[in-house]
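Below: the structure, in structure tokens.
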Amino acid sequence: MSLMPVRQRGVHRIDASEILFLSGNGGTVGILKSVKPRMVFIGTPDEEEIVMFLENEDLIVISAFGEGPDIEKGIKCMGYLLREMESPIVVLPDNHPTSKRLKMVVAVGENVRLDCNITPGTHPEQDILCTCNELSGVKLSSTENGVLIEGHVDNLKLDKL
């Protein structure tokens, strides 16, 4: 495990057994690879189900509202539930009272933009994800063997799943 800053743009390798953590004041984001082609089901407030088709290199990105070992453990568990157990993603309607209680939110796909100005859990679009203020504006894009990070991130840590 090593900590490294990313100032503007950097590619970081992630293999099938690893997760990359980005952390800011009050928030942590975990990034892992899909590893194989898969379908992710997303339940929407409109009582519809969206199916996202992921390729090997696509990203599973989990944002948690907190920092530290317990938060990282929770992110790893959520990653396992999504990737290995094929758990669906549930999107809440706007102004749903549970969105205030969410500890983690998820986005999957080739590109994910981190944003602190959205309501957690209410976006079926998988290219935007709620995060802490410090990580807001960071863009994540899948690469053949890792992730391209665009934006300012002071704390990165590569860990085993």
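Tabulated results
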item	result
Gain in span if fully extended, residue 39 to residue 73, counting 0.36 nm per residue against the direct Cα distance	9.8 nm
Rule-of-thumb Rg ratio for the range 97-161 [Cα; 2.2 N^0.38 Å; N residues]	1.17
Listed values (1) 42, 32, 26; (2) 62, 42, 30; (3) 66, 28, 25, entry calculated as Cα extents along the principal axes in Å	(1)
Estimated inter-spin distance, residue 47 and residue 152, nm [label 7 Å along Cα→Cβ]	4.7 nm
Inter-label distance for residue 15 and residue 139, nm, one decimal - labels placed 7 Å from Cα along Cα-to-Cβ	3.0 nm
Sorted largest first, extent of the range 48-134 alpha carbons per principal axis (Å)	33, 31, 22
Full-extension gain in nm, residue 116 to residue 81, via 0.36 nm per residue minus C-alpha separation	10.1 nm
Protein accessible area in the chain, 1.4 Å probe - carbon and sulfur %	50 percent
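The values are calculated or read from the model by the stated rules, or taken from the named source; none is laboratory data. Everything numeric in this text was worked out from a predicted model, so none of it was measured. Heads up, the Cβs are rebuilt from the backbone with ideal geometry, glycines too, and the neighbour counts pull from every protein chain shown. We work out accessible area using only protein heavy atoms, side chains counted, and drop any ligands, DNA or RNA first. Shrake-Rupley method; radii C 1.70, N 1.55, O 1.52, S 1.80 Å.
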